[in-house]
Amino acid sequence: MADASDLPLLGGHLSLDFANTLEWRDSEREKDWLTGYDALVAWALKAGAVEAREAEELRAYSDWAPGSAAEVLAEARALRAAFYRVASALAAGGAAGEIPAGDQLDDLNVRLAPLLGQTRLNRTSAGLVSAWGGASDDLARVLWPVARAAFDLLTGAEAGRLRECAGRDCHWLFLDRSKNGSRRWCAMANCGNAAKARRHRAKSHRARSQRGRRQNTADSGGQAA
Ligand SMILES: [Zn+2]
C-alpha cells in the first residue's frame, strides 16, 4: 500500500507540500495521506522537515503515547486546513487588504502560535542560527518546521508566486517559479496532460457532431431536391 513517503513533493516549498498531503480536496476521490502519526513522520522525513534520527525517536515516543500522537495528528490536519484556506485565497488573488478574509487569518494564527512559540535563536561561531526550544520528546516537533515554513512563505518575497493547480478537483498548491509566471499545473504529467486529453476529447466530439449536422443538412437537402 502506498504510504505518505510515496507522495510526490511538487509544491516547491515545505508548507505547500504539507498542504498537498490532502489530495483531491473536497471531491469524491479525496485522499488524506496523513493516515496516522507514523505517516506524518514519514512524510516529514521525506520532505526534509525532520532528520532520520529524529524521525526514529518520534516514532518510538509515539508508541509510548498514542493519545498524544493522535492529538498531534488532529493538530496537523487542522493546521493544514487553516493554511490551505489562506494560501488558496492568496493564490486566487484579489484586492490587497481584503484577501485572505479575517476569520481565515485568525484561524491560521491560532494554529501557528503554539508551534512558532518554539522558535529559538542559537549562538554559534558563525553567528546566530535558528533552533527549536521544546523538549525532544514533544511529538508536535514534527510540525514546528512546517509552521515556520508556512509563516515564512506567506510573509516572504515568494508569496506572490503562490498558485493553485488548475486541474479538475486537484487543489494542490505550488510556487510558480517560471520566468513569465504562467505555470498552471501542479505537474504537466498529472493535471496538465489530463486537461489536454479532455480538451482533445471535447474537440473531436465537437468535430464529430458538426460533421453529423452537415451530414443531416446534406441528407435533408437531398430529400428536398
Ligand atoms: Zn494538479
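Computed from the coordinates by the stated procedures, all read-outs in this text should not be read as laboratory data. Every value quoted in this text rests on a predicted model; they were computed, and no experiment measured them. Counting neighbours? That spans all protein chains shown, and the Cβs are built from the backbone with ideal geometry, glycine included.
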Run down the lysines and flag those whose C-alpha is under 22 Å from the C-alpha of Lys203, throwing out any fewer than 8 positions away in its chain. none
Between Arg211 and Trp24, the two model label points (7 Å from Cα along the beta-carbon direction) sit apart by a distance in nm of 3.3
Label-reachable residues, region 131-167, where backbone N falls under 14 Å from a point 7 Å from Leu105's Cα toward its Cβ: 154-156
The cysteines in the chain that find no other cysteine Cβ closer than 4.7 Å to their own Cβ are Cys191
In sequence order, what are the phi-derived ³J(HN,Hα) couplings for region 57-68 according to the Karplus relation 6.51 cos²θ - 1.76 cosθ + 1.60 with θ = phi - 60°, rounded to whole Hz, with x for glycine and proline? 4, 4, 4, 5, 4, 5, 5, 7, 9, x, x, 5
Quick shape check on region 128-220: root eigenvalues a ≥ b ≥ c of the Cα gyration tensor, a/c under 1.5 is rounded, otherwise prolate if a/b tops b/c, else oblate, and it reads prolate
Only helical DSSP H runs with n ≥ 4 go in: add -39500 (n - 2.57) per run for the chain, normalise by residue count and round the 222 nm mean residue ellipticity to 500 deg cm²/dmol. -17000 deg cm²/dmol
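If I take R0 = 30 Å and measure r between the Cβ atoms of Ala70 and Ser5 in this structure, what FRET efficiency does the formula 1/(1 + (r/R0)^6) give, to the nearest 0.05?
Once the sixth-power term is evaluated, E becomes 0.90.
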Stretched out fully, how many nm does the piece from Ala202 to Thr119 gain, at 0.36 nm a residue minus the Cα gap? 24.7 nm
Taking a temperature of 37 °C and a viscosity of 0.692 mPa s, what whole-number D in µm²/s does Stokes-Einstein yield for the chain with Rh from Kirkwood over alpha carbon pairs? 164
Got a sec? How would Trp172, Trp64 order by Cβ neighbour count within 10 Å, fewest to most? Trp64, Trp172
Of region 174-189, those with amide N under 19 Å from the point 7 Å along the Cα→Cβ vector of Ala157 are 175-182
Dipole moment magnitude, nearest 20 debye, the chain about Cα centre, only Lys, Arg, Asp, Glu C-beta charged: 1960
